[in-house]
Amino acid sequence: ANFLEYLRGDTQINVMVGIDFTSSNKEPKNPKSLHAMKKNGELNDYQTAIRDVCEILLCYDHDKNVPVYGFGGRPEWRYGVDHCFALNADDLNPYVSGLEGIMTIYRRALRKITLGQPTLFKELLEKAMEGARDSKNEGSSVYTVLLILTDGMINDMTTTLDLLSECAHLPMSVIIIGIGDGDFEKMVTLDGDEGQMARIGSKGELEDRDVVQFV
């Protein structure tokens with residue numbers, strides 16, 4: 001079943017957000033940073049994307065409680081670079097309420113995270129897959145939509161392809177939003193819209209469902 005078929009079946013949508021805090025974004029204090037906090041109140045590229053996309057997605061989220069994660073950064077409450085950490089520092093309850101909650105926790109977290117590397121999608125994907133797998137096993141009608149906001153770098157392409165191949169068999173989709181003007185060739189490869197059937201694992205297996213949309 002695809003996403004539209006789930007919606008027609010009155011499915012509940014759970015939105016999950018993952019935000020790229022790798023060093024290729026440049027430190028937030030740098031005016032050229034994609035994470036720059038602008039003094040005139042203007043939104044940076046991440047904030048603009050969160051607002052524009054989540055306004056739409058949250059229309060389909062039944063409770064508007066959204067788990068928000070960062071990846072590729074070094075939060076002050078953790079030792080070393082972490083590839084899937086709750087932005088509110090509470091892994092047991094990583095939820096915020098609605099678009100305002102997402103925007104607020106992103107802004108607060110920026111002051112507490114040092115950008116790092118590499119860019120790995122593995123842990124973030126596995127977190128979303130865990131919830132989707134639970135829903136499938138429980139026979140519930142919940143469909144997970146993982147929204148990844150990234151500047152385009154990815155250092156675990158083979159692993160990501162294999163995980164996306166598994167995602168095709170779960171009630172979930174992945175939306176990747178490219179931030180900035182970087183090289184998004186690998187992100188395009190993950191999206192099967194151009195006929196290249198991106199849902200091919202590292203061993204060449206072909207899936208019948210395109211679970212990734214890159215924008």
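The values are calculated or read from the model by the stated rules, or taken from the named source; none is laboratory data. All values derive from a computational prediction rather than experimental measurement. So basically every Cβ, Gly included, is an ideal-geometry build from the backbone, and we count neighbours across all protein chains shown. Keep in mind that these areas ignore ligands, DNA and RNA; they rest on the heavy atoms of the full protein, side chains included. Shrake-Rupley method; radii C 1.70, N 1.55, O 1.52, S 1.80 Å.
Note that segment 85-95 has calculated 3J(HN,Hα) couplings of 10, 5, 5, 8, 6, 10, 5, 7, 9, x, 8 Hz, one per residue in order, obtained from phi through the Karplus relation 6.51 cos²θ - 1.76 cosθ + 1.60 (θ = phi - 60°); glycine and proline are x. Per-residue accessible area (protein heavy atoms, 1.4 Å probe) orders SER140, SER165 as SER140, SER165, starting from the largest. Convex hull of alpha carbon positions in the chain: directionally averaged projected area 11.6 nm².
Extension gain for LEU57 to LYS29 (0.36 nm times residue separation, less C-alpha to C-alpha distance): 7.1 nm. Please work out the C-alpha center-to-center distance from segment 25-60 to segment 138-155 and express it in whole Å. Here the two parts' Cα centres lie 19 Å apart.
Listed values for segment 152-163 are Karplus-derived 3J(HN,Hα) couplings in whole Hz (6.51 cos²θ - 1.76 cosθ + 1.60, θ = phi - 60°), namely x, 6, 8, 10, 10, 4, 4, 4, 4, 4, 5, 5, and x replaces Gly and Pro.
Counted without the sites themselves, the longest stretch of the chain free of GluC sites (Glu not before Pro) in a DSSP loop having at most 12 other beta carbon atoms within 10 Å is 77-204.
Counting other Cβ atoms within 10 Å of each Cβ, which chymotrypsin sites (Phe, Trp or Tyr not before Pro) in segment 23-110 have at most 14 and sit in a DSSP loop?
Numbers: sites: TYR46, TYR60, TYR69, PHE71, TRP77, TYR79, PHE85, TYR95, TYR106; in loops: TYR60, TRP77, TYR79.
Passing sites in segment 23-110 are TRP77, TYR79.
Do the sum for the chain: with -39,500 (n - 2.57) for every DSSP H run of n ≥ 4, divided by all residues, what is the mean residue ellipticity at 222 nm, to the nearest 500 deg cm²/dmol?
On the way: 6 runs with 66 residues, N = 215.
Using -39500 (n - 2.57) per qualifying helix, the result is -9500 deg cm²/dmol.
For the chain, the share of accessible area belonging to carbon and sulfur comes to 49 percent (1.4 Å probe, ligands and nucleic acids excluded).
Greater than 26 Å separation of Cα atoms is the criterion. Which listed pairs, LYS32/LYS186; LYS122/LYS186; LYS29/LYS122, meet it?
On the way: LYS32/LYS186 23 Å; LYS122/LYS186 15 Å; LYS29/LYS122 28 Å.
Checking Cα-Cα distances, LYS29/LYS122 exceed 26 Å.
Would you work out the relative contact order for the chain, in percent, from Cα pairs under 8 angstrom that are 6 or more residues apart? Kindly include the intermediate steps, with their values, before the conclusion.
Details: 426 pairs, mean separation 45.4, N = 215.
RCO, the chain: 21 percent.
Working from label points 7 Å from Cα in the Cα-to-Cβ sense, the GLU100 to HIS169 distance is 4.3 nm.
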